[in-house]
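Data block below; observations after.
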Amino acid sequence: MTNSPERRPIGIALNGVTGRMGYRQHLVRSLLAIRADGGLPLADGTVLWPEPVLVGRNEAKLADIAGRHGLTDWTTDLHATLARDDVEIYFDALTTQHREKAVAAAIEAGKHIYSEKPVAADLAGAMTLVRAADQAGVKVGVVADKIFLPGLQKLKRLVDSGFFGKVLSVRGEFGYWVFEGDWQPAQRPSWNYRAADGGGMVLDMFPHWHYVLEHLFGPVTAVQCVTRTHIPRRFDEEGIEYLATAEDAAYAIFELPGGVIAQFNSSWAVRVFRDELVEFQVDGTHGSAVAGLRHCRAQARTATPRPVWDPDLPAGTDQRGDWSTVPDNTVFENGFRVQWERFLRHVVAGEPFPWDLRAAARGVQLAELALVAASEGRRVEIPGLP
């Protein structure tokens, strides 16, 4: 008769779990999925068992979520939760304007920190959290879900293999049409379009583009940016018209080491005519690739056709047909869950976790300086963090 592995519970306060991402990706598809599979095995044979504590402001929503998933531990009192000895990790999925204060309180309480991004509304706030966490000696992690997407993992495989030769340029296309909210409900909360509430495309998405570019090609060294509020009036969750004060689109040029140029179009006012909601094209001397959420296609130098410009004749080649599909070659798990597992092992077993508050601060810095570049109409260099 074999002994069952020892189960080691770990309390996790999930703040903002009533929101779409906090509920769907972090609670259901990550922590509850880990529990459904019997816990998270550690190298020493211990099985880590997440114990979620649901935190939020709406008692009815919290009770409903808890009831649907057989959970009993929920509260609207964050400070009482942070005072509990059995809660070791604080996770934050609040809106941007509320995150910095809540994370700071959790650090002061001695909790390990895992957070959505951006971690703060500006670089000064992000660096305050960095210093506080360093002083408290807590372990920290920030969500970097995009690099765990199957498409980007395949793209990283090509980069690491030297497939591209010298990388020349990167082009990113992200976005979709977010309904104004009058004749169809908007797919995103109204605070996303109010600057006073921490909304705006740049602060929302540029921290993501930063860690994607840094992970694949290196840090961003300079930025140019143009922002627009294409849809100036929208309707909120109650159907009330409001003025959109935050940009809903940003068009940027990022400079990377080695002369690489990355151009990113990010818009919530664009209709999709591409295979996926986000796509990255990388062009190099020896090959090119286009990666999305799940798929990646590549064209090697030896398989590149010889286009000739002739507007008087119909196109004689299938441009997409000359690209090869990069195979899966593995099973891709949910990226949020994979990163949760790595962070939990980081907290309990000391395994490395590179996506910390300092890395997140670099993303906030890029967003902040991109807005400077947009407002002043100039190229802005990105200095190193203090």
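Readers should treat all values here as calculations from the given coordinates under stated rules, not as data from a laboratory. Since the structure is predicted, the reported quantities are computational estimates derived from the model, not experimental observations. Cβ: placed from backbone, ideal geometry, glycine included. Neighbour counts: every protein chain shown.
Remarks
- Rounded to the nearest 20 debye, dipole of segment 174-327 from Cβ charges on Lys, Arg, Asp, Glu: 400
- Prolate/oblate/rounded call for segment 229-358, Cα gyration tensor, a/c under 1.5 rounded: oblate
- Within the listed set Met201, Met127, Met21, the Gaussian network model of the chain (springs between alpha-carbon atoms below 10 Å) gives the highest mean-square fluctuation for Met21.
- Computed over neighbours whose Cβ is under 11 Å from that of Arg358, the net charge equals 0, Lys and Arg +1, Asp and Glu -1.
- Under the Debye formula (equal points on every Cα, no solvent term), log10 I(q)/I(0) of segment 1-140 at q = 0.19 Å⁻¹: -1.13
- Here the peptides 312-318, 66-72 are ranked by packing, the mean other Cβ count within 10 Å, and the order with the highest first is 66-72, 312-318.
- By the count of neighbouring beta-carbon atoms within 10 Å, fewest first, Tyr211, Tyr90, Tyr251 end up ordered Tyr251, Tyr211, Tyr90.
- With the charge dipole of the chain set up from +1 on Lys and Arg Cβ and -1 on Asp and Glu Cβ about the Cα centre, the Cα lying farthest toward the positive end among the listed residues Thr285, Gln153, Asn15 is that of Thr285.
- Rounded to whole Å, sorted largest first: equivalent-ellipsoid semi-axes of segment 99-227, Cα gyration tensor: 28, 25, 14
- Debye, to nearest 20: dipole size of the chain, +1 on Lys, Arg Cβ, -1 on Asp, Glu Cβ: 600
- When the P(r) is computed for the chain, the part past 38 Å accounts for 23% of the Cα-Cα pairs.
- Partners for Lys154 among aspartates and glutamates (Cα-Cα distance below 12 Å; same-chain residues under 8 apart left out): Asp328
- Of every Cα-Cα pair in segment 162-291, the percent that sits beyond 17 Å: 60
- Rounded to 10°, Cα long-axis angle of helix 123-136 versus longest principal axis of the chain: 40
- Within the chain, percent of DSSP bridges classed antiparallel, to nearest 5: 55
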